[in-house]
Amino acid sequence: MGLVSIGDFIDLFYKIRARGIKFILGKASLNPANRTKNTWNDIDSNSSNWWILEGVQKRWNKLITGNEEMTYEDYVAIKYLFNRNKISFLSIGCGSGEHEIKFAHYPNIATITAIDIAAAPLKLAQQKAIALNLQNIAFINTSFGSFTSTGKFDVILFHSSLHHFKDIKQVLLKAKGLLADNGILIINEYAGPNMFQFGKERKQFLNKTLKMIPANLRQRINSKKIKTTIYEPGVLRMYIADPSEACNSAAIMENLNYLFHAKEEKKLGGDILHFVLKDIAHNFLPGKPETVPVLRTLFKIEDDYIANKKYSDFMFGVYENK
């Protein structure tokens, strides 16, 4: 675990080019909570990460639902909620509300309470809900620590939010107390190494995989430079950029299985694709037939890598109270 790495300076250079010096200066706040909010209020960021790819999204769908055209929201609604009525739903860290809005279309979901600490994406989510005339969803600008409820919820969702909490056990204990007796808790989360400190052995494997990709598909976003090396991020950089990012992610699966009963858990990978495709995923967007076999090869490499692991870096799970 290094304090600083060469990759930190490379990433800083490209972030300034992509987001501007104003965004970087926003990280100068001495308050960690303000730095986190600054990150998540940046709704206009120009990113090139693996999750932007249609092929990756279809892969996730198939890994979770068995059908690359079925999203996890539809899968959960059909498998777990079809015989329930007047469902109350809590989403913790909802961002711009994409997943909550999908759930809100199901008529048996009576209320969705969606909370987030960042105001800008919440405003965007509210605009979407109004445009779709969705009456069963409320977006609230608050932290989970400050959130209170007089009732319990039939569904609680953590989508890419649980890994931003330091005290995973206490957060899950609070969620457990808010979950109805026959309720379900859903995660779609990064649950890999804290602060992305993946270690020397994986670093070597990642760089070997990166070099298998043709150079023209390794061109960095907003640049003509070719990505040649993957570095572990320095801990200092992680703390300055967003102190909440993967701050205790390695504790997620252990605590989930201690406090809840797993109805199902699915490995979504990310051990390889997350880091290999960072800043170059835009080269694999639709319209380039030559990228299809390359992506297939990368998927196969990741499948083999996670095959014998109990958990992959990214996990989907459905749980009930013990």
Exclusive hit being outside any helix (DSSP H, G or I), modelled with pLDDT of 95 or more, surrounded by 19 or more Cβ atoms within 10 Å (Cβ to Cβ) and charged (D, E, K, R), set LYS267, LYS263 = LYS267
Going through the range 279-313 one residue at a time, which ones are in contact with a Lys or Arg (Cβ under 8 Å, 6 or more places away or on another chain) and outside any helix (DSSP H, G or I)?
-> ASP279, ILE280, LYS309, TYR311, SER312
Condition set acidic (Asp, Glu) and more than 23 Å from VAL171 (Cα to Cα), scope the range 190-246, selection surrounded by the fewest Cβ atoms within 10 Å (Cβ to Cβ): answer is GLU201
Search result, residues across the range 121-156 that are out of contact with any helix residue (DSSP H, G or I) (no Cβ under 7 Å at 6 or more places or on another chain) and touching a residue at least 60 places away in the same chain (Cβ under 8 Å) = LEU124, GLY151, ASP154, VAL155
In this structure, is GLY183 touching an Asp or Glu at 6+ places or on another chain (Cβ under 8 Å), of a type outside the set (Phe, Trp, Tyr), closer than 21 Å to ASP242 by Cα and at pLDDT 95 or above?
-> no
Given (1) within 22 Å of LYS176 (Cβ to Cβ); (2) among the aliphatic types (A, V, I, L, M); (3) touching an Asp or Glu at 6+ places or on another chain (Cβ under 8 Å), ILE109 misses just (3)
Could you tell me which numbered condition ALA77 fails, if it satisfies all but one of (1) touching a helix residue (DSSP H, G or I) at 6+ places or on another chain (Cβ under 8 Å); (2) crowded, with 21+ Cβ neighbours inside 10 Å?
-> (2)
When (1) touching a Cys at 6+ places or on another chain (Cβ under 9 Å); (2) part of a helix (DSSP H, G or I); (3) of a type outside the set (Phe, Trp, Tyr) are applied to ALA175, the one that fails is (1)
Take ILE109 and decide whether it is buried (at least 19 other Cβ atoms within 10 Å of the Cβ), touching a residue at least 12 places away in the same chain (Cβ under 8 Å), more than 30 Å from PHE299 (Cβ to Cβ) and more than 17 Å from the chain's Cα centre (by Cα).
-> yes
Identify, from the list LYS322, LYS310, LYS278, the residue that is under 30 Å from ASP154 (Cα atoms) and within 21 Å of the chain's Cα centre (by Cα).
-> LYS310
Among the residues listed as LYS174, LYS166, the single one being free of Cβ contacts under 8 Å to residues at least 40 places away in the same chain and either in contact with a His (Cβ under 7 Å, 6 or more places away or on another chain) or not small (Gly, Ala, Ser) (or both) | LYS174
Which one is nearest to the chain's Cα centre (by Cα), of the residues in the range 281-305 that are within 19 Å of GLN204 (Cβ to Cβ) and β-branched (Val, Ile, Thr)?
-> ILE301
Which one is farthest from LEU285 (Cα to Cα) among residues in the range 208-243 that are among the small types (Gly, Ala, Ser) and either part of a loop (DSSP other than H, G, I, E, B) or within 20 Å of the chain's Cα centre (by Cα) (or both)?
-> GLY234
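The values are calculated or read from the model by the stated rules, or taken from the named source; none is laboratory data. Nothing here was measured: the structure is a model prediction, and the numbers come from that model. So basically every Cβ, Gly included, is an ideal-geometry build from the backbone, and we count neighbours across all protein chains shown.
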